[in-house]
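Encoded as structure tokens, the structure appears first; notes follow it.
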Amino acid sequence: MEPARAARPTDGLVVPTPLPPGDDLRARRITALSAPEAVWAAQQRELVAGLCGQRIDEPRVSALFDRVHPTWCAATDPIDPQPLIHAFGVAMGDLVAAAVPGLSWASYQDRAGTELVLTHDVHDLVVFPVATVEAHWGTAGPGWFAQHLQTVVDGTRRLLATQQ
């Protein structure tokens, strides 16, 4: 039987603390992005930039999300959402990192697998932007991207302020 572990957050903010009994810290590892991960993230950025007139900012990405997401939801035979989730997740992460000094992309590995996250260069903080887009895909309403982006930015800033 595998020991209990803290669930990944669904709100895109942080790894829950304190850790529940039995959570094995050694099962989690954060490292710099590998070359293939960096290329993959760049490909996601290129996709979004191409659809946003080469400028990735909150109003443009939010408007794109508000066009793409309901179209996908309304499709009778929707395509696999993972490419869209990844592109919007990287865009959200880039926008959060631009708004919160000290955040940068990293690779997070645990027993569930590997994913790209944002980490802080000084404080113990992990933000899951791709996972949060995935958690809300299919249910997000109009304006969700902009609202959630602000929620993550505000929450991250509050957490960092308490750690200073």
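Using only the Cα atoms of segment 44-149, what semi-axes does the equivalent ellipsoid have when each is the square root of 5 times a gyration tensor eigenvalue? Give whole Å, largest first. Before the final figure, lay out each step's value.
Values: eigenvalues 111, 55, 28 Å².
Each semi-axis is the square root of five times an eigenvalue, giving 24, 17, 12 Å.
Taking the Cα centre of segment 43-124 as origin and charging only Cβ (+1 Lys, Arg; -1 Asp, Glu), how large is the dipole, in debye to the nearest 20?
Working: 5 positive and 11 negative charges, 42 e Å.
Value, rounded to 20: 200 debye.
Check V126: other-chain or 5+ apart residues with amide H under 5 Å from its amide H, H built from backbone geometry?
Placed amide hydrogens put V15 under 5 Å from V126.
Can you pull the percent of Cα pairs in segment 83-139 with separation above 20 Å? Numbers along the way, then the final one.
On the way: 355 of 1596 pairs.
In whole percent, the share of Cα-Cα pairs in segment 83-139 beyond 20 Å is 22.
None of the figures in this text is laboratory data; all of them are computed from the coordinates on show. Just so we're clear, the structure is a prediction, and the values are computed from it rather than from any experiment. Note that each Cβ is placed from the backbone with ideal geometry, even for glycine, and that neighbours are counted across all protein chains shown.
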